[in-house]
Amino acid sequence: MNLTDPPMRGSALDLTSGRAAQAPSSTMRIFVSLLFCCSFSAATTVAAAPTSRQDAKPGAGAAEEVELEEDADYAPPEGHSHIGDSFNEGPRQAAYLMPDWDKIQFPVSTEAEQAQRFFAQGIGQLHGFWYLESERSFRQAAAIDPECAMTYWGMGMANVENEERAAAFAHEAYKRRAAASDREQRFIDSLAEYYDVDHVYADEIEVKKASEESETEDVEAEEAEAEEAETDEAEALERELFDVEQRQPADDKKRMATFIKDLEELLYEYPDDIEAKAILVNQLWMARRKGIPTPSRLANEALLEQIFAVNPMHPAHHYRIHLWDSKDASVRAVSSAARSGQAYPSIAHMWHMGGHIFARLGRHSDAAWQQEASARTDHAYMMRDMVMPDQSHNFAHNNEWLTRSLRNAGRISEAIDLAKNMIELPRHPVYNHLDKRGCSSTYGRRRLAEALELYERWEELIATSNTIYLEPIDEDDSRVERASLLAQAYLFSGDEVEARAQMAVLDELLTKAKTERMKSVDEAEEQAIEDEKKPSEVHDAMSNALTGHSRPLERLRSRVDVVRALETLILPQSEQERPETLEEGDDESAEELPDPEAIRLAALKTLEDSRFSRTHLSRLLIEAGEHERAAEMAREAIEDKPGVAILHANLAYVLWATGDEDGAHEAFETLRGFSERFELDNPPFERLAPLVKELGLPNDWRQPMARLADIGERVPLAGLGPFRWSPTEAPDWKLPDGFGNEVSLADYKGKPVLMIFFLGFGCVHCVEQLGAFAPVAQEFLDAGIPIVTIGTDSVEDLADSQERDTAKDKLPFPILADPKLEIFKQYRCHDDFESLALHGTFLLDGEGRVRWQDISYEPFMDTEFLLTESKRLLALPIQKGTGGETARASVSGASASR
């Protein structure tokens with residue numbers, strides 16, 4: 001199998017043949033829960049069947065065999081890494097060389113050519129913030145050459161968002177530094193010092209030395225002493241190793257400053273190391289997160305220029321974009337925005353970042369192109385490697401930005417369609433659900449609501465609110481957002497009755513919030529008194545409780561105020577609450593009535609002080625006779641967000657409606673300059689019909705858009721991947737049960753099926769999982785979803801186990817045998833590095849496509865969630881990926897073939 005190919009479904013990766021080389025000790029005593037203490041100390045691999053763990057055997061080409069100690073008292077839970085808990089959450093499947101691997105030159109101390117290649121690939125992925133795949137590449141390199149210290153350094157660098165794991169890997173790199181070059185040692189030492197693990201290793205050596213010197217004839221005493229020493233060591237290391245929670249901002253700032261200084265010292269000794277320069281540039285930018293402002297962006301730019309002088313298409317273009325990604329300086333990164341994606345085409349984020357710059361400059365069509373390239377790249381990767389949406393770094397953010405770019409470019413139907421697609425994507429209780437910020441589900445709802453509201457598609461918004469796309473959520477913040485949005489839609493569409501119904505919902509929620517606030521204050525007071533606090537402390541406790549409710553209540557009041565202001569401005573004056581009659585001559589009562597004009601002005605002020613849409617507000621200002629302020633607001637909106645289609649359309653309309661014909665003509669010509677893909681059958685554009693007629697233009701007044709030379713030569717988008725993620729076809733299988741029968745996936749053709757991969761009846765957690773699904777199997781069946789389970793036990797063991805089952809114990813679904821793990825590997829329920837089976841749960845539809853999956857070191861247990869999600873997914877149509885092939889072709893023409 002060529003390592004430039006992705007792992008093939010249905011073929012086991014032979015990690016014992018020149019590539020895999022790791023030997024986790026079975027004496028695993030993890031000194032910190034997230035730190036592995038066993039090294040890849042020889043080129044061996046665990047050949048462990050889930051039902052009977054075998055001795056590890058040396059891999060081909062191993063320099064020496066390592067004797068593995070047996071410890072009957074220790075056995076990691078099934079599915080958990082045998083190397084250490086740090087590897088449970090990380091990549092478990094083998095890496096493959098992607099077409100871009102040779103874009104980086106970063107030599108390290110290894111005689112294994114393939115290890116060097118995977119290391120280089122990991123560095124490139126690190127530059128693109130593709131942390132999961134970067135760690136996978138570094139781990140593949142470590143599997144090939146387990147004593148290459150820099151592979152562990154790479155794993156640490158790839159865990160910038162998980163500092164406890166990063167510290168564990170930095171520790172492992174430091175333990176192997178002796179065999180590294182001076183240059184490599186400087187990289188390793190800088191990371192070790194950053195995570196404060198260099199002295200930890202020294203402590204380990206001292207403990208080990210003391211242990212070796214303490215010999216005694218009393219075996220029991222020796223064992224007790226060793227156990228005590230081991231416990232003391234673990235406790236000491238746990239205290240001393242990097243602890244995120246105990247770190248203070250001042251510590252972080254100091255550590256980062258030292259890290260940067262260490263990198264500068266490295267470059268002083270090795271001034272031609274462009275990878276060190278790239279890493280330094282990024283750290284100088286990342287230091288802002290630790291409270292260290294970038295001292296000079298121009299100094300960083302000078303480093304970048306040195307990198308590009310050697311390698312004009314280095315992925316450091318990504319870093320230049322971050323460097324200049326600000327309103328006042330984004331123009332300086334246009335050249336990198338055009339090159340970033342092509343510098344490392346397999347990384348979606350590299351395409352995405354160019355969109356930042358073009359969006360800043362108001363070039364939303366160019367931004368949309370970048371974000372579409374990013375989405376297609378992500379879709380190709382996920383469909384090729386069986387990765388679910390939202391498991392890929394920044395996937396949801398990439399797509400939500402694309403929805404904004406599309407709507408800003410006037411391509412509103414595409415924006416709405418994409419937002420709906422985000423809502424349709426598979427949900428998961430960990431990484432994509434309606435209560436999680438920054439995932440596809442929540443982003444999709446927000447961007448869909450914004451698109452419909454901004455383009456005044458009120459009837460569509462109301463209709464959509466009764467579908468899965470904007471369905472009610474039983475959570476107060478969501479109820480507030482939904483009720484205020486619907487109240488606005490009903491007001492603008494003239495439905496007073498429904499508008500008032502939504503306002504009643506808001507009033508109810510406001511009353512509830514006030515009641516809960518007072519309840520919290522009362523409870524805080526009672527608790528403080530019960531704890532015998534001083535009067536001042538009781539007051540502080542009550543004040544803190546009050547403060548905790550201030551911001552949520554303030555946001556809710558703002559929503560209510562906006563809706564009430566709209567009610568005042570939109571509903572006819574006769575509809576407002578006021579006395580029906582006045583006695584003739586009752587001048588005093590008449591004087592007490594609110595001035596209608598003052599009421600309108602106050603309502604407009606409320607809207608202006610809120611985050612209410614400036615396009616809607618400018619038109620309300622026109623209706624209120626505030627022409628000058630309407631025009632001023634329309635211009636301000638464009639200054640703040642240049643190039644946005646509806647803002648420019650609104651300016652042309654406002655100027656036309658307020659009598660500024662010359663200004664309207666000029667604004668309209670600017671609008672036409674980027675109108676090529678506008679959807680004219682939307683209110684913001686339809687409102688321009690009188691102006692279009694006066695100018696003597698056709699109803700379809702759009703014109704081709706000029707292409708600026710600074711975008712360079714673009715690749716065909718279709719070659720990057722499909723426009724939509726769509727479920728992939730599940731690998732076929734046929735397996736025996738314990739009763740002499742064979743069951744195949746074909747037996748379920750035409751109907752959905754839930755597949756559960758479990759690690760044998762010797763796995764306690766697996767038995768718990770089967771026990772959780774057994775009581776709800778009928779509920780799944782009632783929904784048209786039979787359950788089938790595939791285990792690691794042999795047919796004989798399976799038969800023996802089921803023969804002993806009583807009628808009461810019998811599980812209500814088929815149990816199949818896959819002792820060779822062939823189907824486990826096809827479905828990626830397999831740790832390729834350690835030859836371990838993993839837990840897996842898959843929902844297949846009637847066409848045999850994988851609609852949902854969970855692969856983990858732990859079994860999926862949330863049956864209620866999965867039943868609900870299965871029903872939702874199976875009720876949705878498949879969005880076919882269009883415009884590209886699943887297997888992405890690189891810019892150079894090479895392909896990631898299977």
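All of (1) modelled with pLDDT under 95; (2) part of a helix (DSSP H, G or I) hold for LYS327 with one exception: (2).
Name the residue that is modelled with the highest pLDDT, counting only residues in segment 864-898 that are among the β-branched types (Val, Ile, Thr) and under 24 Å from the mean Cα position of the chain (by Cα). I'd like the intermediate steps shown before the answer.
So the first thing to find is which residues in segment 864-898 are among the β-branched types (Val, Ile, Thr), and the list is 868, 878, 882, 886, 891.
Checking which are under 24 Å from the mean Cα position of the chain (by Cα) leaves us with 868, 878, 882, 886.
Numbers: THR868: 97, ILE878: 80, THR882: 53, THR886: 32.
My answer is THR868.
Given the options ASN466, ASN421, name the one that is over 28 Å from TRP369 (Cα atoms) and not hydrophobic (A, V, I, L, M, F, W, C). None of the others qualify; the one that does is ASN466. Scanning segment 494-524 for residues that are without any contact (Cβ under 8 Å) to a residue 12 or more places away in the chain, β-branched (Val, Ile, Thr) and farther than 19 Å from LEU566 by Cα turns up THR511, THR515. Evaluated against (1) surrounded by fewer than 22 Cβ atoms within 10 Å (Cβ to Cβ); (2) under 20 Å from the mean Cα position of the chain (by Cα); (3) aliphatic (A, V, I, L, M), ALA329 falls short on exactly one condition, (2).
So, LEU546, is that one modelled with pLDDT of 95 or more, closer than 30 Å to LYS512 by Cα and in a helix (DSSP H, G or I) or not? It is false that LEU546 is modelled with pLDDT of 95 or more, closer than 30 Å to LYS512 by Cα and in a helix (DSSP H, G or I).
Each row is one residue, and each column tells you yes or no for (1) touching a His at 6+ places or on another chain (Cβ under 9 Å); (2) modelled with pLDDT of 95 or more; (3) assigned to a helix (DSSP H, G or I).
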residue: ARG611; (1), (2), (3): no, no, no
residue: LEU620; (1), (2), (3): no, yes, yes
residue: ALA630; (1), (2), (3): no, yes, yes
residue: ILE638; (1), (2), (3): yes, yes, yes
residue: ALA667; (1), (2), (3): yes, yes, yes
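Scoring VAL644 on the criteria (1) among the β-branched types (Val, Ile, Thr); (2) modelled with pLDDT under 95; (3) within 21 Å of ALA449 (Cα to Cα) leaves a single failure, condition (2).
Selection of segment 128-164 for residues being under 15 Å from ALA112 (Cβ atoms) and of a type in the set (S, T, N, Q) yields SER137, GLN140, THR151. When we screen MET705, MET755 for residues that are in contact with a Lys or Arg (Cβ under 9 Å, 6 or more places away or on another chain) and either touching a residue at least 24 places away in the same chain (Cβ under 8 Å) or part of a helix (DSSP H, G or I) (or both), the only hit is MET705. Filtered by the rule that a residue be over 12 Å from the mean Cα position of the chain (by Cα) and of a type in the set (S, T, N, Q), segment 377-406 gives THR377, THR403, SER405.
Scan segment 398-413 and tell me whether some residue there is in contact (Cβ under 8 Å) with a residue 12 or more places away in the chain, within 20 Å of LEU126 (Cα to Cα) and in a helix (DSSP H, G or I). Yes, segment 398-413 has at least one match. Figure legend. Inter-residue proximity from segment 261-290: first residues in contact (Cβ under 8 Å) with a residue 24 or more places away in the chain and more than 19 Å from GLN105 (Cα to Cα), second residues among the basic types (Lys, Arg) and assigned to a helix (DSSP H, G or I), beta-carbon distance below 6 Å, spacing 6+ or different chains. Indicated pairs: LYS290/LYS253.
Residue-by-condition table, conditions (1) farther than 16 Å from SER392 by Cα; (2) surrounded by fewer than 22 Cβ atoms within 10 Å (Cβ to Cβ); (3) in contact with a strand residue (DSSP E or B) (Cβ under 8 Å, 6 or more places away or on another chain):
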residue	(1), (2), (3)
MET422	no, no, no
LEU425	no, no, yes
HIS428	no, no, yes
LEU434	yes, yes, no
CYS439	no, no, yes
ARG445	yes, no, no
LEU452	yes, no, no
ILE462	yes, yes, no
SER465	yes, yes, no
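Here ILE787 does not fit the description of being of a type in the set (Val, Ile, Thr), over 34 Å from the mean Cα position of the chain (by Cα) and buried (at least 16 other Cβ atoms within 10 Å of the Cβ). Residue check: ILE823 meets all listed conditions (1) crowded, with 17+ Cβ neighbours inside 10 Å; (2) not in a helix (DSSP H, G or I) but one, namely (2). Considering segment 760-776, and only residues there that are closer than 14 Å to SER801 by Cβ, touching a strand residue (DSSP E or B) at 6+ places or on another chain (Cβ under 7 Å) and touching a residue at least 60 places away in the same chain (Cβ under 8 Å), the residue that is surrounded by the most Cβ atoms within 10 Å (Cβ to Cβ) turns out to be CYS766. Within the option set GLY721, GLY696, GLY659, GLY643, being part of a loop (DSSP other than H, G, I, E, B) and closer than 30 Å to ARG427 by Cβ holds for one residue only, GLY721.
Any residue at all in segment 499-510 that's surrounded by fewer than 17 Cβ atoms within 10 Å (Cβ to Cβ) and of a type in the set (S, T, N, Q)? So far as segment 499-510 goes, no, none of its residues is surrounded by fewer than 17 Cβ atoms within 10 Å (Cβ to Cβ) and of a type in the set (S, T, N, Q).
The values are calculated or read from the model by the stated rules, or taken from the named source; none is laboratory data. Nothing here was measured: the structure is a model prediction, and the numbers come from that model. Heads up, the Cβs are rebuilt from the backbone with ideal geometry, glycines too, and the neighbour counts pull from every protein chain shown.
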